[in-house]
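Q: Mind having a look at this structure? Questions to follow.
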Amino acid sequence: MSDQQQLPDVPTEAWAGVHRGPLRVGEWVRLTDQKGRRHNFELTPGKRFFSNRGHIEHDELIGREEGFTVVSSAGGEYLVFRPLLSEFVVSMPRGAAVVYPKDAAQIVAMGDIFPGARVVEAGVGSGALTCSLLRAVGPFGKVISWERREEFADVARRNVNQFFHAPEGETHPAWDLRLGDLQEALPASGERVDRIILDMLAPWECIDAVADALVPGGIVVAYVATTTQLSRYVETLRVHGGFTEPQPWESLVRDWHVEGLAVRPGHKMIGHTAFLVTARRMAPGETAPRKKRRPAPGAYGPDYLGPRPDGVYVEPVED
Ligand SMILES: C[S@@+](CC[C@H](N)C(=O)[O-])C[C@H]1O[C@@H](n2cnc3c(N)ncnc32)[C@H](O)[C@@H]1O
């Protein structure tokens, strides 16, 4: 061991979901083999981790500083680290599909989630996005997570509590997990919030509830998987009139292969996860200036059957 100064553990009151220092009993570790395959497990004294290259005693890992290589009984080499948030959410048990880390990062940045913010999200699904939101608002903020399916809420509760190392019977102090349908439950709660994140099949059904709950200047972020959902959601927001022009986008992340003279994009990437849309709540009674541009030809022609913003010119049916 070098004579480097040791940092104390991250304060428990920070609810960071991160430990420093030696690996301890009950913590999760992530082992990566020479082919890049990953294995996560909870450190338990006396237990063994088995792989196709023999086994490793948990006791060999407990008490060591993460960031080392361990050799299994059959000679396999494994890299040992604590899982990061971005690694935890893609390997944790799932009820519903999760928001991937690339999109969670966009939601936190473009949704401007800040320490102390009051945030509503629906649905909670498996709790992946919840972990990023709780990290961003910190222990003095509030994340109210609505979920209409109890079995998904249970999965999310387990995942979030595991990530934040919540002691038995406790949870992150900023988290309020509730059962219910957002479009009815949010108006009934009478709560006002800074940010609302919608990850569900039909976010357009929630726009009135969102408008009532968001403070002026507040941001609504929607995460939708298909172009038909994207269209319906954006047009319904426009028709509502109490929001700024919706901003839709998607993010594509591509790994690169960098080896000597072979420097090129990776062959594989996640082609599509979902589209994101942000819009800001106007003050009561205020409307945003209309876009000056005419809609693209055919945009709202006779084949268009969705919500139609006021004053949009309806093109005549051609013979
Ligand atoms: C794709 S999952 C959410 C995944 C979650 N964001 C994550 O990162 O793990 C969608 C969830 O929304 C829930 N849901 C759909 N409509 C809802 C509504 N109106 N109110 C509350 N929950 C809803 C579904 O039951 C489902 O669990």
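Q: If you take the Cα atoms of the range 24-83, find Rg, then find the Kirkwood Rh from the mean of 1/r over all pairs, what is Rg/Rh? It would help to have the intermediate numbers written out before the result.
A: Details: Rg = 10.2 Å, Rh = 11.3 Å.
Looking at the range 24-83, the ratio lands at 0.91.
Q: Would you mind working out the magnitude of the charge dipole of the chain relative to its Cα centre, with +1 at each Lys and Arg C-beta and -1 at each Asp and Glu C-beta, to the nearest 20 Debye?
A: On the way: 36 positive and 42 negative charges, 124 e Å.
I would put it at about 600 debye.
Q: Need the full-extension length gain, residue 168 to residue 286, defined as separation in residues times 0.36 nm minus the C-alpha distance. One decimal, nm. Can you show the working numbers first?
A: Values: separation 118, 0.36 × 118 = 42.48 nm, distance 4.76 nm.
37.7 nm is the gain from fully extending residue 168 to residue 286.
Q: Which percent, to the nearest 5, of DSSP beta bridges fully inside the chain are antiparallel? Provide the component values of the computation, followed by the final result.
A: Working: 31 of 50 bridges.
So the antiparallel bridges amount to about 60 percent of the total.
Q: In percent, how large is the relative contact order of the chain, given Cα pairs closer than 8 Å and 6 or more residues apart? Display every interim value, and only then the final one.
A: Working: 585 pairs, mean separation 36.2, N = 319.
The normalised contact order for the chain reaches 11 percent.
Q: Take the Cα gyration tensor of the range 18-152, multiply each eigenvalue by 5, square-root it, and list the three semi-axes largest first, rounded to whole angstrom.
A: On the way: eigenvalues 222, 50, 37 Å².
Those come to 33, 16, 14 Å.
Q: Further question on the same structure: Under the 0.36 nm per residue contour assumption, what length would be gained going from the current alpha-carbon distance of residue 39 and residue 231 to full extension?
A: On the way: separation 192, 0.36 × 192 = 69.12 nm, distance 3.99 nm.
Answer, rounded to one decimal: 65.1 nm.
Q: Here is a follow-up. Using the alpha carbons of the range 130-229, what is the convex hull volume per residue in cubic angstrom, as a whole number? Mind showing how you got there, number by number?
A: Numbers: hull volume 11.7 nm³, N = 100.
Per residue, the Cα convex hull of the range 130-229 comes to 117 Å³.
Q: Would you mind counting up the charge near residue 291? Only other residues with Cβ under 12 Å from its Cβ, with Lys and Arg at +1 and Asp and Glu at -1. The partial results should precede the final answer.
A: Working: positive: 238, 290, 292, 293, 294; negative: 245.
Around residue 291, the surrounding residues sum to +4.
Q: Among the GluC sites (Glu not before Pro) within the range 136-170, which fall in a DSSP loop and have no more than 12 other Cβ atoms within 10 Å of their own Cβ?
A: Here the sparse-neighbourhood loop sites are 168, 170.
Q: Percentage of Cα-Cα pair distances in the chain greater than 31 Å, rounded to whole percent? Present the calculation step by step, with values, prior to reporting the outcome.
A: Values: 22177 of 50721 pairs.
For the chain, the fraction of Cα-Cα distances above 31 Å is 44 percent.
Q: Using a cut-off of 14 Å between beta-carbons, work out the net charge of the residues near residue 215 (Lys and Arg +1, Asp and Glu -1, residue 215 not included).
A: Working: positive: 118, 142, 192, 195, 280, 281; negative: 112, 191, 194, 212, 286.
Value of the local net charge: +1.
Q: What is the fewest-to-most order of 18, 124 by other Cβ atoms lying within 10 Å of their Cβ?
A: Values: 18 15, 124 30.
Lowest to highest Cβ neighbour count: 18, 124.
Q: Calculate how large, on average over all directions, the projected area of the Cα convex hull of the range 172-319 is; give the answer in nm² to one decimal.
A: On the way: hull surface 59.3 nm².
Directional mean of the projected Cα hull area for the range 172-319 stands at 14.8 nm².
Q: What's the exposure ranking of 259, 184, 27, going from fewest to most Cβ atoms within 10 Å?
A: 259, 184, 27
Q: Here's a follow-up. In what order do 207, 107, 62 fall by count of nearby beta-carbon atoms within 10 Å, going from fewest to most?
A: 62, 207, 107
Q: Another question about this same structure. How big is the C-alpha Rg of the range 267-315 next to the rule-of-thumb value 2.2 N^0.38 Å, as a ratio? Don't skip to the answer; put the middle values down first.
A: Values: Rg = 16.5 Å, N = 49, 2.2 N^0.38 = 9.7 Å.
Against the empirical 2.2 N^0.38 Å value, I get 1.71 for the range 267-315.
Q: Please report the spacing between the Cα centers of the range 69-118 and the range 142-207 in Å, no decimals.
A: One Cα centre to the other: 20 Å.
Q: Find how much the distance from residue 270 to residue 60 grows on full extension, using 0.36 nm per residue of separation minus their present alpha carbon separation; answer in nm with one decimal. Mind dumping the intermediate values first?
A: Numbers: separation 210, 0.36 × 210 = 75.60 nm, distance 3.59 nm.
72.0 nm is the gain from fully extending residue 270 to residue 60.
Here, each number is a calculation from the coordinates, and none is a lab measurement. Since this is a predicted model, take the numbers as computed values, not measurements. Positions of Cβ are backbone-derived with ideal geometry, glycine not excepted, and every protein chain shown enters the neighbour counts.
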